[in-house]
Amino acid sequence: MPETLTERVHIGVLVSGSGSNLQSIIDKIEAGTLDAVIRVVVSNNAGAYALERARKHGIPSVVLDHRDYPDRQAFDEAMIAVLREHSVELVVMAGFMRVLTSSFLQAFSMRVMNIHPALVPSFQGLHGQERAFRYGVKFTGCTVHFADEGVDSGPVIIQAVVPVFDDDTAEILAERILKEEHRIYPQAIQYYAEGNLEIAGRKVRLKRGAKVEYKALHNPPLTRF
Ligand code: GRF
């Protein structure tokens, strides 16, 4: 039986820039592997390439320039109104460079996801990839989490780990991380769409469980032990 629109989670995607995560969500929806509908893309930046991506795929978009509003509260209220007009259930922040107010988070309580290009709580905030690189970690990665009032600090839904190699540059590492972002974000949304996420305080679990194949990773490799 063909799926109807009502079985798909209605999402609104908040963007500020390139929108490669938006693109990966669009691609998975179009491939039929992600049970979601993008009802609207909202950008605070009229020049964001993400808007072009939305246009190419016939997805409605709205620009709300935060500089046109007297304060964060007024800006967030305008966003809430747009998201409600488009009957958005789940808000997906994808490279959206603004911190949300508590009123916004209350309006969409535990229905706002964010992606961060590091393994939180490490390297939260801007330039997580480059800061991990400079720190000299041997593994880093990316995290999808529910948004709270802090910066990249809400309950973690899913993480991916990537190694850092000796001959990496910060750019090569950022690319490696981004590739995984494009996999874990659609997956987190799909878990939500399936009604499979259970939140208990800081812990987000899969209601229907899942076996995680586990093998410890070492970088550099263990040669003797
Ligand atoms: C990604 O690295 C994301 O983790 C961070 O900003 C970047 C956005 O990339 N929050 P894009 O706009 O999705 O290409």
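Positive end of the dipole of the chain, charges at C-beta (+1 Lys, Arg; -1 Asp, Glu), about the Cα centre: which of Asn196, Ala132, Ala81 has its Cα farthest in that direction?
Final value for the positive-end residue is Asn196.
Which parts of segment 128-153 would a label at Glu198 reach, counting a residue when its backbone N lies under 16 Å from a point 7 Å out along Cα-to-Cβ?
Those under the cut-off are none; the list is empty.
Can you list the residues, at least 5 places off or on another chain, whose amide H is less than 5 Å from the amide H of Ala36, using H built in the peptide plane?
Val9
Using just the Cα positions, wrap segment 121-225 in a convex hull and report its mean projected area in square nanometres, one decimal place.
8.2 nm²
Kindly write out, for segment 138-154 in residue order, the coupling ³J(HN,Hα) from the Karplus curve 6.51 cos²θ - 1.76 cosθ + 1.60 (θ = phi - 60°), rounded to whole Hz, with x marking Gly and Pro.
9, 9, 9, x, 8, 9, 9, 9, 6, 7, 10, 7, x, 9, 6, 10, x
Could you derive backbone 3J(HN,Hα) for segment 216-225 from the dihedral phi with the Karplus parameters 6.51, -1.76 and 1.60 (θ = phi - 60°), listing whole Hz in sequence and x where the residue is Gly or Pro?
5, 10, 10, 9, x, x, 6, 9, 10, 10
With a cap of 16 neighbouring Cβ atoms within 10 Å, and only residues DSSP puts in a loop, list the chymotrypsin sites (Phe, Trp or Tyr not before Pro) found in segment 95-130.
Counting only loop positions with at most 16 other Cβ atoms within 10 Å, none of the chymotrypsin sites (Phe, Trp or Tyr not before Pro) in segment 95-130 qualifies.
Please list, ordered by chain and number, the residues whose modelled amide H lies under 5 Å from the amide H of Ser61; skip anything fewer than 5 residues away on the same chain.
Hits under the 5 Å cutoff: Val41.
Treating only the Cα positions of segment 1-135 as identical point scatterers, give the base-10 log of I(q)/I(0) from the Debye formula at each q in 0.17, 0.18, 0.19, 0.20 Å⁻¹.
After summing over all Cα pairs, the log10 values are -0.96, -1.06, -1.15, -1.24.
Taking a threshold of 29 Å on the Cα-Cα distance, which of the pairs Lys179/Lys207; Lys56/Lys207; Lys138/Lys179; Lys179/Lys203; Lys179/Lys211; Lys28/Lys138 fall above it?
Check vs 29 Å cut-off fails for Lys56/Lys207; Lys28/Lys138.
Treating only the Cβ atoms of Lys and Arg (+1) and Asp and Glu (-1) as charged, compute the dipole magnitude of segment 25-91 about its Cα centre; round to the nearest 20 debye.
Using Cβ point charges on Lys, Arg, Asp and Glu, segment 25-91 gives about 200 debye.
Compute the length gained on full extension between Lys211 and His127: take 0.36 nm times their separation in residues and subtract their Cα-Cα distance, giving the result in nm to one decimal.
This chain segment gains 27.0 nm when fully extended.
Looking at the chain, I'd like the Rg to Rh ratio, where Rg is from alpha-carbon atoms and Rh is Kirkwood's inverse mean 1/r.
With Rg and the Kirkwood Rh in hand, the quotient comes to 0.98.
Over what distance in Å are the Cα centres of segment 93-126 and segment 169-225 separated?
17 Å
Every read-out reported here was derived from the displayed coordinates using simple, explicitly stated rules and does not represent laboratory data. Just so it is clear, the structure is predicted and the values come from calculations on it, not from any experiment. Counting neighbours? That spans all protein chains shown, and the Cβs are built from the backbone with ideal geometry, glycine included.
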